[in-house]
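None of the figures in this text is laboratory data; all of them are computed from the coordinates on show. All of these numbers come straight from a predicted model, not from anything done at the bench. Cβ coordinates were reconstructed from backbone atoms using ideal geometry, including for glycine residues, and neighbour counts include every protein chain displayed.
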Amino acid sequence: QEAVIRCKAAVAWEFNQPLVIEEVEVAPPQEKEIRIKIVATGVCQSDLYFLSKCSNQTAFPVVFGHEAAGVVESIGPGVTEFQPGDTVIPLFMPQCRECRLCKSPKTNLCVNGCPFERSRISCRGRKLLQFLGTSSFSEFTVVKEMSVAKIDPAAPLDRVCLIGCAICTGYGAAVNTAKVEAGSSCAVFGLGAVGLAAVMGCKAAGASRIIAIDINPDKFEKAKVLGATDVVNPNDHSRPIQQLLQEMTGGGVDFSFECIGNVEVMRSALESCAPGWGVSVIAGWTDMENFSAPPIHLMTGRKWTGTLFGGEKWISASEPAASGVTYLDRKLMVDEFITHNLRLEQINEAVELMKNSRIRAVLSVSPQ
């Protein structure tokens with residue numbers, strides 16, 4: 001039987017309070033579980049959302065973090081697809097392969113996904129909750145076998161960790177959910193990591209015009225590097241952004257993407273689409289408010305849809321490995337997203353950077 005590991009983790013004890021670096025105990029993996037040494041983790045807006053915005057849905061104490069990469073330290077009984085030493089990405093969207101959703105080729109969803117559940121991590125005699133089945137703000141974590149994917153061992157884990165959330169979410173929104181067409185026009189609202197990945201996905205799909213929209217002009221250069229042909233700051237214009245986009249494109253874009261989690265922007269993104277065939281995809285996370293729009297916008301042929309983790313089977317058990325290879329071939333940009341490299345001990349600094357709309361801080365958790 002494997003031993004308990006004592007290590008460091010960033011623990012959220014209370015809502016909207018700084019995370020605390022604590023010594024924690026990580027129990028051995030049980031049936032069909034895997035203990036992973038986390039090498040690097042991104043800090044995502046979803047971590048921030050549950051930590052400081054959505055008090056009625058967050059349970060404490062919890063270890064956040066869900067965008068990570070690491071190395072398998074040990075495996076529990078019944079694990080067949082992984083061995084100690086494998087380089088892996090934990091998945092916040094599990095793939096049980098048994099439920100109705102998993103058996104359908106139409107979705108990447110799984111009924112076994114859960115925001116908060118019991119973890120194998122304890123601190124000060126208390127069991128800590130696990131966030132999205134991952135809890136990567138810890139030097140070691142235990143996850144279910146169905147929530148792990150292998151990654152190419154040659155891929156640098158302090159970069160490809162972003163494949164575990166932001167890049168798959170935005171890129172897949174364009175390529176899988178919207179199915180952006182060659183020669184089309186696209187508008188991407190919000191240039192955080194998900195929005196920039198959507199820009200990259202639109203370019204990969206062959207869009208001829210990609211309009212990147214954000215109220216922070218500091219993000220425009222990076223958007224251009226990733227494929228944006230136009231950049232727009234809504235604050236520079238007196239008329240509504242959807243009206244401006246309609247004028248810029250002679251009647252509306254073919255595809256639009258809301259990558260913020262703002263219900264008003266969701267409506268703007270829908271209204272920026274061309275009637276008849278425009279597709280608007282919601283990729284920004286929120287469930288605190290409802291969105292609304294006049295039904296005529298949909299009756300005239302626009303489609304309004306959403307995506308989680310890039311839609312369809314984008315992130316099946318084999319996809320991250322393929323993404324790692326794509327990264328190594330330089331066909332998938334990842335390094336360009338990272339604005340800050342910090343240590344786990346600097347987690348609260350990373351949270352403040354995220355609050356101030358920096359793109360992505362990556363934390364070095366354990367040496368590889």
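Stretching N290 away from D236 to a fully extended chain increases their span by 16.7 nm, per 0.36 nm per residue minus the current alpha-carbon distance. Largest GNM mean-square fluctuation across V263, V279, V43, computed for the chain with C-alpha springs under 10 Å, falls on V263.
In the structure shown, the pairs K37/K179; K106/K144; K150/K303; K37/K224; K53/K219 are assessed against 26 Å; a Cα-Cα span above that value is assigned to K37/K179; K150/K303; K37/K224. Diffusion coefficient of the chain by Stokes-Einstein, Kirkwood radius over Cα pairs, 10 °C, 1.306 mPa s: 77 µm²/s. For the pair D335 and K53 in one chain, pulling the backbone fully straight at 0.36 nm per residue adds 98.7 nm over the alpha carbon distance. Looking at the chain, the DSSP beta bridges with both ends there are about 60 percent antiparallel.
Note that the range 169-307 carries a Kirkwood radius of 14.3 Å, evaluated over its alpha carbons pair by pair. Using the rule -39500 (n - 2.57) for each DSSP H run of four or more residues, divided by the residues of the chain, the 222 nm mean residue ellipticity is -6000 deg cm²/dmol. Here, the range 63-212 is characterised by an Rg to Rh ratio of 1.03, where Rg is the alpha-carbon radius of gyration and Rh the Kirkwood radius.
Put simply, when 195-203, 348-356, 280-288 are sorted by average Cβ atoms within 10 angstrom per residue, most first, you get 195-203, 280-288, 348-356. What you get for the chain, charging only the Cβ of Lys and Arg (+1) and of Asp and Glu (-1), is a dipole of about 500 debye around the Cα centre.
Taking the Cα centre of the range 169-307 as origin and charging only Cβ (+1 Lys, Arg; -1 Asp, Glu), how large is the dipole, in debye to the nearest 20?
320 debye
The aspartates and glutamates within cross-link reach of K32, meaning a Cα-to-Cα straight distance under 17 Å and a gap of 8 or more places when in the same chain, are E2, E73, E81, D86, E98, E117, E145.
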